Structure formats: structure tokens, C-alpha cells
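The values are calculated or read from the model by the stated rules, or taken from the named source; none is laboratory data. Everything quoted here is computed from the prediction, not taken from an experiment. As a convention, Cβ positions derive from the backbone with ideal geometry for all residues, glycine included, and neighbour counts pool all protein chains shown. Note: accessible area is taken over every heavy atom of the protein model, side chains too, but ligands, DNA and RNA are not part of it. Shrake-Rupley method; radii C 1.70, N 1.55, O 1.52, S 1.80 Å.
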Amino acid sequence: MSKSRREFIKISALSFGGLVMANPILNAMIGQVQAGEPIDASKIKPVPTYCEVCFWKCAGWVHTDEKGELWKIEGNEDDPHCKGRFCPRGTGGLGMYNDEDRLKSPLMRVEVNGKQTFKEVSWDKAFRFIADKMNQISEEHGPESLALFKHGSGGAHFGKLFKAFGSRNITAPSYAQCRGPREVGFHATFGANINSPEPVDLENTKCLVLIGNHIGENMHNSHVQEMSKAIDNGLEIITVDPRLSTAASKSVHWLPIKPATDIALLLAWMHVLVTEKLYDKAYIDQYAYGFEDLEAHIADKTPEWAEEITTIKADVIRETARKMAYHAPATLIHPGRHVTWYGDDTQRLRAMAMLNALLGSWGRKGGFYFPEKAKVPSFPHPAYPSASWTWKDYLDGKYALAGSSIANVFVDASHPDNKTDKKIKGWFVVGTNLISTIPDTKKTLEAIDNLDLFVVVDTMPMEITGYADIILPECTYLERYDDIRVSPNREPNIAVRIPAAKPKYLTKPSDWIVRKLAEKLKLSAHFNYKSYSEVLDWQLKQMGFSLAEMKERGIIKFDRKNANLYLEEGEEYEFGTPTGMIELYSTDLEMEGFDPLPNYTPHPEPPAGFFRLNYGRAPMHTFGRTANNPNLNELMNENKLWVNPKIAKKAGIVNGQEIWLENQDGVKSEFPIKVRVTERIGMDNVYMVHGFGKSNKKLKRSNGRGISDSQLVTNVMVDPVMGGTGMRGNFVKFVIDKPEREVIS
């Protein structure tokens with residue numbers, strides 16, 4: 001790729017003025033500094049927080065020692081997200097605070113002697129530059145031409161700023177690049193979204209079906225604990241995965257399916273349940289719409305038909321279907337989370353929802369419970385101005401069933417190929433590394449190069465920061481207030497985050513950044529407070545509490561308004577679908593011109609010499625955000641490539657050997673990866689953990705360690721129903737010798 005106006009700048013070239021502090025030694029597994037001297041327990045101070053290392057946001061306590069320094073972090077026993085126990089990632093959260101590679105001061109892109117570089121600037125100068133550019137874009141194109149990409153708690157503050165400025169173009173890659181298809185698929189079936197945490201009644205489940213879902217490697221804290229408890233109580237797990245994952249190793253049945261054929265298996269399972277009359281007839285008769293259509297649709301989707309497609313034996317398909325029926329309704333087909341795979345993902349998740357319906361698990365003990373969440377009043381502010389257009393207007397009716405904004409559509413609207421009058425000319429990217437999260441890096445960089453303003457707000461110098469005009473260093477979650485955590489659960493609850501330490505270096509919390517930028521934009525009326533603690537205290541007092549009280553408790557639980565966690569036997573219930581029933585035959589999909597019942601469609605196979613690239617998670621890391629965390633990096637500092645022994649032997653590669661990868665479009669990995677030869681993976685695919693292969697040299701622990709799978713995802717299969725980006729249709733081959741040419745990073 002040719003050099004752009006906005007050249008990528010490796011922040012490693014900059015000096016940060018010797019602000020690095022000593023990094024205490026921390027045992028990440030127990031979240032505790034290995035102190036050289038005993039600590040006086042009477043001087044230990046607990047401060048409530050909720051974790052920001054991942055989206056689970058477990059509530060906990062940060063403990064400071066007699067010097068006021070952060071000592072350890074542990075779970076809040078009253079919190080349903082963690083049940084008093086933090087996961088390895090959560091206990092390693094102090095590493096974010098102590099990471100000496102953190103962004104430390106505002107940086108501005110400048111040109112010196114014909115070469116672009118970053119220069120440290122004051123916060124005031126950064127704000128004046130940004131405000132001038134925002135006003136200029138607004139005058140030329142309208143305020144809607146400013147877009148916000150966000151992830152995490154800090155992004156919520158910027159969302160308010162964007163609404164006050166006049167733009168509703170706000171998005172998060174966690175929808176179209178991760179969970180969007182399941183929300184649309186389940187909503188089309190049950191009239192309700194899944195949301196987070198997923199309302200799965202794992203602690204009472206008798207039979208758990210995981211389809212490409214890696215609970216345990218995907219460290220969803222409370223769900224891992226509940227699944228572990230259920231295993232002790234005799235839970236039977238059926239795992240469908242081409243790889244013997246950790247969950248698969250605990251399963252009664254491991255079905256090493258041929259990749260991209262899951263819909264065929266799901267249809268065959270439904271065929272067995274219906275033809276053998278194993279489905280929950282009373283439940284379906286009372287609540288379901290379109291059973292006869294489904295019955296006719298799957299009449300020829302026999303296990304023998306599916307065996308030819310999936311390579312799963314027909315008798316195994318029958319046996320596992322009967323096992324699901326035996327434990328129903330305490331059988332759970334888990335909806336998963338990262339489900340953007342092959343482009344027909346909404347239909348695959350529809351099939352999973354329908355299978356749950358046949359088993360009667362929605363609204364039943366051991367299946368899905370009905371969650372509730374607390375209502376927190378909004379802090380008073382002037383009405384937001386209306387926006388003349390949003391991303392939905394840009395799409396002009398396309399992806400009408402998408403329930404949230406589609407991040408890749410924002411890239412399209414920013415790209416020079418956009419010939420409409422709805423153009424995005426400025427980006428704020430808060431807490432998300434778009435180079436790793438949105439596939440097709442080349443297109444993302446072309447869009448970035450077409451912007452008039454590009455601001456990145458982050459705690460770390462990720463790849464995306466290298467392309468920014470302005471970088472604003474956000475302090476970590478341990479150094480700031482944020483919004484009250486509200487999440488749906490068995491019991492409504494709220495949790496607070498209180499700063500346990502002052503922000504290091506020149507970093508600032510997002511609420512402060514937003515408030516100061518609002519002053520430059522003459523929008524201060526929308527942020528009429530001096531500290532975010534005022535907002536929290538006001539909200540809590542409207543609910544009958546106070547911030548002082550919450551500093552002592554950390555979390556408050558409320559009684560449910562609806563006493564029933566599950567449906568009662570024969571209870572009348574109206575679902576949120578157009579028919580008011582569970583829609584086996586989807587009227588929403590039919591209305592939009594899509595198949596109302598899911599169909600299996602063959603997907604391209606790897607060409608000779610290539611293997612399907614699969615990727616997943618590790619329990620100690622969150623996406624690519626924690627690879628440089630000193631505590632978590634110590635637990636896992638690089639990813640490895642899983643290769644079947646027969647394939648390795650044929651290719652002449654051995655365990656531990658470093659190789660490079662090249663995908664079907666000729667894109668080569670920037671760094672090598674070590675091979676892990678293992679029988680735990682099939683012969684048609686390879687596997688690696690996502691989030692490694694960092695190209696920014698400022699990330700001293702993670703730079704060049706392993707491969708970034710995102711670099712190799714150039715074939716993107718867009719889901720026609722909701723616009724999500726399927727990313728598992730990419731194929732790679734082995735490159736033994738180091739490639740000579742550079743790649744996009």
C-alpha cells in the first residue's frame with residue numbers, strides 16, 4: 001500500500017520525558033502484590049470498582065496499602081457477575097495501571113523536515129485543535145459527519161458529547177463484528193434480545209450444547225463458575241467444534257464438525273426431534289407459530305443428509321438429539337457471543353433459537369431465564385438537537401433488521417467511494433483498536449486517509465493510534481469514576497466505580513476530557529457539573545441512596561418487579577414478535593425478503609495447500625487489549641498455530657518451529673508464529689488465539705510476538721440480514737522462509 005497523507009507513526013520514536021514509574025511485582029492469579037514487608041491490615045483501604053479488563057464488568061474491591069498505593073483487587077461477594085471471585089484477567093487489572101508503556105500525554109501529528117511525527121502538546125491546545133476541526137466539518141458537511149467508534153465505559157461519555165453536538169452516528173464494533181447475528185436471530189424467534197450477560201440458566205442446566213463456543217477459554221466469569229458447578233452436578237455437555245477446545249475436553253460428546261456446515265447439523269437435529277416426536281409438544285402448541293411450516297421444511301433434512309455435509313455420523317446426530325430431548329427443558333443451546341463467521345450467521349443463530357424453542361428452554365429452568373435490570377435516572381441536561389441524518393438513512397432501508405449501528409457501514413460512509421451526500425469526515429475512536437476489530441484493514445486505512453479529523457482516545461498506544469491526528473491519553477478504570485453499571489440479571493442490581501488512585505502522568509478520565517472539550521464547543525450546558533461524582537450522587541439520591549453509601553457497599557441489589565424468573569406451567573405469555581408467539585416461521589425475515597426458515601448453503605472450501613483460519617480466545621486475555629499487560633503477558637506472551645500432526649509432517653514443520661502465513665489474497669503475516677503440533681485439531685483448518693502480533697514497537701512486551709489473525713482476514717462475507725462481517729472464510733498456507741516484502745499493519 002502506498003504511503004498516505006496520514007502516515008502511520010510508531011510512537012516508539014517519541015520521548016515521554018522520563019515519567020516511567022517503578023512497576024510492582026504482581027501475582028496476576030491472585031491479584032496481589034508480592035510485598036516484601038507485611039502490610040498493616042488496619043491501614044488497608046478498600047475502594048469499590050467494576051472491572052474494565054473485559055465487557056463482563058465484574059464488581060470488586062481495589063485495596064490500597066498504608067502508602068495509598070494499589071495493592072490488590074478482588075471480587076465483590078454480592079455481585080452476580082463474579083460471585084466474589086475475579087478471573088485471571090480481572091486480578092491482572094492492576095497491570096493496566098502499572099504498564100509503563102501507557103500513553104502519557106496528549107500527542108499531535110506534526111510534520112518536521114518533511115516527515116510526520118507526533119509532538120506532545122497541552123490538553124488545551126489539543127482541545128482547541130479538535131474543536132476548530134469539528135466546527136469546520138460541521139459548517140461544511142453538518143454535525144452528522146462526525147462519527148464515534150467506541151468500546152468500554154469511557155465511550156459512553158463521548159456518546160453524550162456527540163448527541164449534544166448534533167450527531168447520532170455512534171457505533172461499537174461489538175455488534176456487527178461480534179454478537180449482532182445472535183441478537184437478530186433470537187429476536188426474530190422470541191421477540192427478545194440476548195444482551196449481556198446472557199440470561200442462560202447454566203447453574204440449573206442438565207444438558208449444554210456449545211456450537212463453536214469456548215466457555216472457559218472465553219472467560220465469562222459467572223458463566224464459567226456456573227458451568228463448573230453444573231458439571232459437578234452431572235451436567236452433560238455436547239460440543240460442536242472442529243477443535244478439541246477446553247470445553248470439548250469436558251464434554252460427553254465432542255462433534256468435530258467440518259467447518260461452515262453447522263446449519264446442516266442444526267436442521268438435522270430439529271428433524272430428529274420432530275419426526276421422533278421428542279419436542280415439547282405442549283410448549284410448542286401453546287407458544288409457537290409456524291410449526292407445520294418447519295415440519296415440512298425439515299422433512300428431508302435427515303441425519304444421513306447431514307452426515308454427508310458435516311462428516312458427523314448419522315447415529316451420533318440421533319443420539320445427541322435424543323439426549324437433548326431427555327433433559328429438556330433444562331437443555332440449553334448456548335447462543336454464543338462472537339458469531340460473525342460465514343455471512344449467513346443470522347440464519348445459523350435463528351436455527352439455534354428454533355432448536356431451543358423445540359426443546360421448550362426459553363423461559364424455563366435450566367434454559368433461559370427472564371432477566372430484569374434497575375432503572376437509573378438520567379442527570380438533567382438540555383434536550384439534544386435533532387440530527388438531519390444517521391447511518392440508517394445512509395443505508396436507505398438496507399439491513400433493516402439490525403438492532404444497532406453497524407461499524408463497518410461507518411467505514412463505508414467514510415470511504416472515498418461513498419458518492420452519496422451522507423459523508424462522514426471525522427472520527428473519534430475511543431477504546432477500540434479498529435485495525436484489529438474491523439476486517440479489511442486496507443479499506444479501513446483508505447477511509448481514515450479520507451478524513452478531515454481523526455481523534456483516538458485510549459490508555460495504550462495501539463495500532464490505531466499511529467494513524468490519528470490527535471491522541472488523547474485516557475486514565476485507566478482504576479483512576480476514574482464512570483457511569484453506574486446497570487445490567488440485566490436474575491436480580492436487578494447496580495454497581496459503582498470509584499477512583500482508587502489519582503491519574504498517572506498527564507492522563508485524564510473521559511468525563512473530564514468530554515467536559516473540557518464541551519467548553520471549547522460551547523456545549524457546557526450539557527455537562528453542568530464539576531466532577532462526575534456529582535452526577536453519580538444525584539442519580540443515587542433519586543434512587544434513595546447516596547455515593548457515600550455506595551462507597552461502602554459497592555453494589556446494591558433490588559427486588560424483581562416480576563416475581564417469575566421462568567414461565568409457570570401453562571402461563572399465558574405474549575412474546576415480542578409480530579405474532580406475539582415464538583416464531584418458528586419468521587414473519588420479520590419474510591417481510592424483508594429473506595428466508596423465513598433457515599437453509600443450509602455450502603461455503604467455499606480451502607484450495608489445495610491452504611487451510612481454513614480459525615481463531616479464538618484465551619482465558620487470560622481480552623481481544624488484543626491485554627497482550628502488553630505486564631501481569632497477563634507473563635501468563636501468555638504469544639499465540640501459537642495449532643496444526644494437525646499429519647499436516648505438519650507433510651509440510652515438513654515441527655513443534656515450536658517459527659513460520660509465517662499467507663492468505664488466499666497473497667497477504668503475508670508481518671511476524672512469524674510458533675507451531676503447536678496437536679491432535680486436537682482437524683486436517684482442514686488451523687487455529688490461533690486472537691489479539692497478538694502487535695506492530696507498535698511502543699508495546700515492548702507484545703510487539704512482534706505471534707501473528708495477528710486480523711491481518712489475514714481480507715475476505716469478508718457480509719450478512720445480508722444485519723450487515724455483520726463474517727470472518728471465517730479466509731484460508732492460509734505455510735511460509736517457511738521469512739517474507740521479504742512488508743504487509744499492511
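A few notes on this one:
- Whichever lysines have a C-alpha closer than 20 Å to that of residue 258, once near sequence neighbours (fewer than 8 apart) are set aside: 301, 313, 646, 733
- Accessible surface, 1.4 Å probe, highest first, among residues 504, 375, 125: 375, 125, 504
- Accessible surface of residue 119 - all protein chains present, 1.4 Å probe, nearest 10 Å²: 100 Å²
- If you plug the beta carbon distance of residue 285 and residue 393 into 1/(1 + (r/R0)^6) with R0 = 51 Å, you get a FRET efficiency near 0.75.
- Residue-level accessible surface for residue 415, protein heavy atoms, 1.4 Å, Å²: 20 Å²
- Residues 81, 151, sorted by accessible area with the largest first, give 151, 81 [1.4 Å probe; ligands and nucleic acids excluded].
- Lys/Arg +1, Asp/Glu -1 at C-beta; the chain dipole; positive extreme among 355, 533, 618: 533
- Fully extending the segment from residue 579 to residue 528, taken as 0.36 nm per residue of separation minus the present Cα-Cα distance, adds 13.8 nm.
- Percent of Cα pairs exceeding the 52 Å cut-off, where the set is the chain: 9 percent
- Multiplying the residue separation of residue 558 and residue 277 by 0.36 nm and removing their Cα-Cα distance gives an extension gain of 97.0 nm.
- Note on residue 122/residue 551: beta-carbon distance plugged into 1/(1 + (r/R0)^6) with R0 of 30 Å gives a FRET efficiency of 0.35.
- Note that the chain presents 38 Å² accessible area per residue, ligands and nucleic acids not counted, probe 1.4 Å.
- For region 488-535, the convex hull drawn through the C-alpha positions has a volume of 122 cubic angstrom per residue.
- Cα-centred dipole magnitude for region 42-93, charges only on beta-carbon of K, R (+1) and D, E (-1), debye, nearest 20: 80 debye
- 16 Å tail of the calculated P(r), region 538-608, as % of Cα pairs: 74 percent
- Loop sites in region 74-158: GluC sites (Glu not before Pro), DSSP, at most 16 other Cβ within 10 Å: 77, 100
- GluC sites (Glu not before Pro) lying in DSSP loop within region 538-605, provided at most 14 other Cβ fall within 10 Å: 568, 569, 571, 572, 574
- For the set 479, 534, the ranking by accessible area, highest first and with no ligand, DNA or RNA atoms included, is 534, 479 under a 1.4 Å probe.
- Counted over all Cα-Cα pairs of region 509-562, pairs farther apart than 15 Å make up 58 percent.
- Here the relative contact order of region 175-331, from alpha carbon pairs under 8 Å that lie six or more residues apart, stands at 22 percent.
- Taking a point 7 Å from the Cα of residue 572 along the Cα-to-Cβ direction, none of the residues of region 357-375 has its backbone N closer than 17 Å to it.
- Electrostatic dipole magnitude of the chain [Cβ: Lys, Arg +1; Asp, Glu -1; Cα centre; debye, to 20]: 2500 debye
- By the Cα gyration tensor, region 237-330 has an equivalent ellipsoid whose semi-axes, rounded to whole angstrom, run 24, 16, 10 from largest to smallest.
- Quick note on region 408-456: its Rg to Rh ratio, both from C-alpha atoms and Rh being the Kirkwood radius, is 0.93.
- Among the GluC sites (Glu not before Pro) in region 189-281, those placed in a DSSP loop whose Cβ has at most 13 other Cβ atoms within 10 Å are 276.
- Figure legend: label point modelled 7 angstrom from the Cα of residue 378 along Cα→Cβ; residues of region 493-524 with amide N under 19 Å from it are 511, 514-515, 518, 523-524.
- The simple Förster model, with R0 at 35 Å and r as the Cβ-Cβ distance, assigns residue 490 and residue 139 a FRET efficiency of 0.10.
- Spin-label pair residue 322-residue 738: with each label point 7 Å from Cα along the Cα-Cβ axis, the two points sit 5.9 nm from one another.
- The value for region 276-325 of Rg(Cα) / (2.2 N^0.38 Å) is 1.30.
- Once both labels are positioned 7 Å from their Cα atoms along Cα-to-Cβ, the gap between residue 417 and residue 292 label points is 4.6 nm.
- Mean projected area (nm²) of the alpha-carbon convex hull when region 637-745 is viewed from all directions: 7.8 nm²
- Note: relative contact order over the chain, using C-alpha pairs below 8 Å and six or more positions apart, is 19 percent.
- Measuring between their Cα centroids, region 126-160 and region 363-386 lie 26 Å from each other.
- Computed about its Cα centre, the charge dipole of region 322-422 is approximately 700 debye, with only Lys, Arg, Asp and Glu carrying charge at their Cβ.
- Share antiparallel - DSSP beta bridges, the chain, percent rounded to 5: 50 percent
- Long-range lysine pairs (8 or more apart or interchain), region 117-232, Cα under 26 Å: 12
- Whole-angstrom gap from region 573-645 to region 679-745, using each part's C-alpha centre: 15 Å
- Cα-based radius of gyration of region 92-233 once divided by 2.2 N^0.38 Å, which approximates compact folds: 1.54
- Dipole of the chain, positive end: most advanced residue of 606, 213, 47 [Cβ charges, Cα centre]: 47
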